[in-house]
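Engineer: Take a look at the following structure, please.
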Amino acid sequence: MTVTVIGGGVMGLCVATELTRRGIPAAIRDRAPGPHACSWWAGGMLAPHCEGESADAAVTRHGLASADWWLAQGVPVARNGTLVVSAARDAASLDRFARRSTGHRMLDAQGLAALEPDLAGRFGRALFFADEAHLNPRQALSILSARLPRTEVLSGRIIDCRGLAARDALPDLRGVRGEMVVIRCPDVTLSRPVRLLHPRIPLYLVPRGDGIFMLGATMLESDRRGPPTVRAVLELLGAAFALHPALAEAEVLELGADARPAFPDNLPRIRRIGGTLHANGLYRHGFLLAPAVARMVADHLQHGTRPEFMDADHS
Amino acid sequence: MPVLYGTHVESALLLGTAGYPSPRILADAFARSGAGIATVSLRRETGGGQDFWALVQSLGARLLPNTAGCHSAKEAVTTAHMAREVFGTDWIKLEVIGHADTLQPDVFELVQAARILAAEGFKVFPYCTEDLTVCERLLDAGCQVLMPWGAPIGSGLGLNNPHGLRALRAAFPDVPLIIDAGIGLPSHAAAAMEMGYDAVLLNSAVARAGDPAMMAGAMADAVRAGRAAYLADPMERTDMAVPSTPVLGKAFL
């Protein structure tokens with residue numbers, strides 16, 4: 001069996017990598033990773049417990065093995081956990097986040113300062129999710145992409161991983177717009193993603209090394225892919241300033257926006273339509289869930305199993 | 001059941017569509033709530049929301065588009081025009097925000113926008129405060145429904161000024177009054193209905209609950225219970241105990 005994977009974002013690259021690993025040759029039909037791909041703009045947090053605060057339990061269950069999968073592919077993964085903090089006036093939201101998620105412990109100001117010295121004195125409490133991890137999405141995409149052959153022709157089994165572009169075949173797929181900012185601030189050092197809870201703007205800051213941070217991300221029910229709005233940038237940067245005033249001196253390197261592909265329950269789907277197998281709908285869980293979905297696709301092709309995220313047959 | 005601009009509405013619960021964990025959970029919450037009216041934001045700052053609007057339209061509820069995010073009469077009027085185009089209804093929840101932190105309505109711009117839209121034939125549902133003068137001006141402007149806040153949007157504080165809300169009910173006995181914003185718990189919704197309010201509109205209390213569908217059901221029960229209690233004409237409160245069994249003949253002195 002040979003396979004052609006249409007779409008070279010995180011879904012397609014993970015499917016092709018997983019198949020290749022199992023001895024099934026897979027080629028990608030798409031350009032090399034770049035700004036045209038939704039996953040180019042991702043945060044790269046591998047945070048199954050934090051996401052469980054608002055996502056379906058399946059996201060946590062299938063996200064737990066994600067960091068191991070990425071490491072096994074030779075992608076650098078920082079396993080330093082995640083911190084969640086809130087402003088003093090939103091203290092109740094931190095307790096609620098703790099109540100609605102698993103895999104964490106509450107740190108006091110000293111505990112926080114021990115983990116992230118630059119946040120010393122900024123917050124009285126923090127939730128620490130020790131088992132979580134993060135990676136650099138662009139690096140991860142490039143590493144997987146460099147190992148996979150490219151093709152212009154469709155041959156063998158076809159697996160469609162085009163993301164939102166596959167709406168022509170998947171009418172229940174919708175776009176959820178996200179906007180992000182990349183900044184450089186050598187004055188602030190963080191070793192792990194930090195989430196700032198706020199009643200209206202949940203913000204996360206992911207360290208990318210060399211003083212570079214990714215700030216994300218808005219969630220709008222819109223499939224518009226155009227540049228970020230002033231409102232979104234103001235909200236993101238304002239929240240960053242609340243996290244640490246030194247971030248006010250950061251250089252803005254990049255503003256980005258794209259639309260995440262999502263199904264109505266915001267969970268991924270594997271769907272067979274005619275001779276094509278679709279894997280899509282990673283929503284805001286691209287790097288977290290793509291390995292699990294790729295495994296399910298490979299299991300289905302190899303053994304004919306119907307994995308958890310697979311729909312009834314649409315052919 | 002409330003009659004809003006000549007339309008009989010089955011349920012006294014109006015439910016918003018923003019901020020749910022997923023559209024599937026939104027649909028489940030609507031099914032459990034029995035709400036006959038769904039508010040929906042046009043999100044004029046981005047556009048491209050057609051897929052979500054189609055999902056909202058498939059809920060089967062009557063749509064009440066809102067002008068959320070507008071800060072002036074001019075913006076709100078433009079958004080109302082767009083909403084009429086997109087959703088094919090002349091119902092509009094008119095929301096003009098005056099203060100970024102509390103999301104208090106700008107009642108001056110609100111009255112101005114209400115006058116313009118009512119003259120154009122819109123059925124205006126103004127999000128306002130419980131101020132009697134403001135409410136009078138809104139009725140003068142052509143509104144036939146008033147939607148005073150219980151507390152700031154998304155705060156979940158309940159009914160901050162019960163006295164003012166009772167005074168409003170008493171001042172306008174024949175105007176449909178809907179508590180809009182601030183409801184956090186079913187007890188808040190029930191309290192509004194017990195005061196004789198015609199309906200409650202809420203969103204965050206359901207969308208941000210751990211189990212939105214279950215909370216939607218709880219809100220529906222509360223609204224029904226509160227309405228029934230109002231119609232049943234509750235007993236008066238007294239400061240002294242009033243025994244329900246006769247005390248005559250017992251050594252009570």
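Engineer: Could you work out the mean projected area of the convex hull around the alpha carbons of segment B:16-65, in square nanometres to one decimal?
Structural biologist: Taking a quarter of the hull surface, the average projection is 3.2 nm².
Engineer: Helix A:137-147 versus the longest principal axis of chain A: what is the Cα-based angle in degrees, 0 to 90, to the nearest 10?
Structural biologist: 30 degrees
Engineer: Considering only protein heavy atoms and a probe of 1.4 Å, how much of the accessible area of segment B:148-229 is carbon and sulfur, as a whole percent?
Structural biologist: The C+S portion of the solvent-accessible surface of segment B:148-229 is 59 percent.
Engineer: Shifting gears a bit: Find the sum over both chains of the accessible area lost when B and A are paired, probe 1.4 Å, and report it in Å² to the nearest 100.
Structural biologist: The contact between A and B buries close to 1700 Å².
Engineer: Express the carbon and sulfur contribution to the solvent-accessible surface of chain A as a percent, rounded to the nearest whole number, probe 1.4 angstrom.
Structural biologist: 54 percent
Engineer: Write down the radius of gyration of the protein assembly as shown and its Dmax, each obtained from C-alpha positions, in Å.
Structural biologist: When restricted to the Cα atoms of the protein assembly as shown, Rg and Dmax are 26.6, 101 Å.
Engineer: Just want to confirm a number: the relative contact order over chain B, from Cα pairs under 8 angstrom separated by 6+ residues, in percent.
Structural biologist: Relative CO of chain B lands at 19 percent.
Engineer: Have a look at segment A:184-226 and report residues whose accessible surface goes down by 50 Å² or more when the remaining protein chains are included, against the chain on its own, probe 1.4 Å, ligands and DNA/RNA excluded.
Structural biologist: A:R200, A:L220, A:E221
Engineer: Return one quarter of the surface area of the convex hull spanned by the alpha-carbon atoms of segment A:52-160, equal to its mean projected area, in nm².
Structural biologist: Averaged projected area of segment A:52-160's Cα convex hull equals 9.6 nm².
Engineer: Within the set of other residues whose C-beta is less than 15 Å from the C-beta of B:Y127, count the net charge using Lys and Arg as +1 and Asp and Glu as -1.
Structural biologist: -4
Engineer: When DSSP assigns beta bridges and you keep just the ones with both residues in the protein assembly as shown, what percent turn out antiparallel, to the nearest 5?
Structural biologist: Taking every DSSP beta bridge within the protein assembly as shown, about 50 percent pair in antiparallel fashion.
Engineer: Read phi for every residue in segment B:107-117 and hand back ³J(HN,Hα) as whole Hz from Karplus 6.51 cos²θ - 1.76 cosθ + 1.60, θ = phi - 60°, with x for Gly and Pro.
Structural biologist: Rounded to whole hertz, the list is 5, 5, 5, 4, 4, 4, 5, 4, 5, 5, 6.
Engineer: How large is the accessible surface per residue of segment B:60-164, computed with a 1.4 Å probe and reported in Å² as a whole number?
Structural biologist: It amounts to 41 Å² per residue over segment B:60-164.
Engineer: Another question, then. Could you state, as a whole-number percent, how many of the C-alpha pairs of chain A are farther apart than 29 Å?
Structural biologist: 35 percent
Engineer: Please report, largest first and rounded to whole Å, the three semi-axes of the ellipsoid equivalent to chain B, where each semi-axis is the square root of five times an eigenvalue of the C-alpha gyration tensor.
Structural biologist: 34, 22, 15
Engineer: Another question, then. To test your reading of the geometry: what angle, between 0 and 90 degrees and rounded to tens, separates the Cα axis of helix A:286-303 from the longest principal axis of chain A?
Structural biologist: So the inclination is approximately 20 degrees.
Engineer: Right, something else. How much accessible surface does A:T229 have with a 1.4 Å probe, in Å² rounded to 10?
Structural biologist: 30 Å²
Engineer: From the square roots a ≥ b ≥ c of the eigenvalues of the alpha-carbon gyration tensor of segment A:83-133, which class results: rounded (a/c under 1.5), prolate (a/b over b/c), or oblate?
Structural biologist: Oblate shape, in that a/c is at least 1.5 and b/c is the bigger or equal ratio.
Engineer: While we're here: Below 8 Å between Cα atoms, with a sequence gap of 6+, how large is the relative contact order for segment A:43-104 in percent?
Structural biologist: For segment A:43-104, the relative contact order is 42 percent.
Engineer: Per residue of chain B, what 222 nm ellipticity follows from adding -39500 (n - 2.57) for every DSSP H run with n ≥ 4, rounded to the nearest 500?
Structural biologist: -12000 deg cm²/dmol
Engineer: Moving to a separate point now. Heavy-atom accessible surface, probe 1.4 Å, ligands and DNA/RNA ignored: which residues of segment A:163-181 lose at least 30 Å² versus the isolated chain?
Structural biologist: Buried on complex formation: A:R174.
Engineer: Run through segment B:159-252 and list the chymotrypsin sites (Phe, Trp or Tyr not before Pro) located in a DSSP loop whose Cβ has at most 12 other Cβ atoms within 10 Å.
Structural biologist: Answer by residue number: B:F252.
Engineer: Additional query: Can you compute the modelled spin-label distance between B:N161 and B:D233, with each label point 7 Å from Cα toward Cβ, in nm?
Structural biologist: 3.1 nm
Engineer: Using only atoms on other chains, find how many Cβ atoms lie within 10 Å of each Cβ of peptide B:82-95 and report the average.
Structural biologist: Going residue by residue through B:82-95 and averaging, the value is 0.
Engineer: Step through the residues of segment B:223-232 one at a time and calculate ³J(HN,Hα) from phi using the Karplus curve (6.51 cos²θ - 1.76 cosθ + 1.60, θ = phi - 60°), rounding each to whole Hz and writing x for Gly and Pro.
Structural biologist: 5, 4, 5, x, 5, 4, 4, 4, 5, 6
Engineer: Still on this structure: Per residue, how many Å² of accessible area does segment A:108-264 show with a 1.4 Å probe?
Structural biologist: In whole numbers, segment A:108-264 has 41 Å² accessible per residue.
Engineer: Here is a follow-up. Counting only trypsin sites (Lys or Arg not before Pro) that sit in a DSSP loop (anything but H, G, I, E, B) with at most 13 other Cβ atoms within 10 Å, what is the longest stretch of chain A containing none of them?
Structural biologist: A:201-315
Engineer: On C-alpha positions alone, give me the angle between the axis of helix B:73-87 and the longest principal axis of chain B, in degrees, nearest 10.
Structural biologist: So the inclination is approximately 80 degrees.
Engineer: Below 8 Å, C-alpha to C-alpha, sequence gap of six or more: please give me the relative contact order for segment B:1-137 in percent.
Structural biologist: 17 percent
Engineer: Hey, another quick one. Which whole-angstrom value gives the distance between the alpha carbon centres of segment A:55-101 and segment A:196-257?
Structural biologist: 18 Å
The values are calculated or read from the model by the stated rules, or taken from the named source; none is laboratory data. Keep in mind it's a predicted model, so treat the numbers as computed, not measured. Quick reminder, even Gly has a Cβ in these numbers, built from the backbone with ideal geometry, and neighbours come from all protein chains shown. For the accessible areas, the whole protein counts, side chains as well, though only heavy atoms, and no ligand, DNA or RNA atoms are used. Shrake-Rupley method; radii C 1.70, N 1.55, O 1.52, S 1.80 Å.
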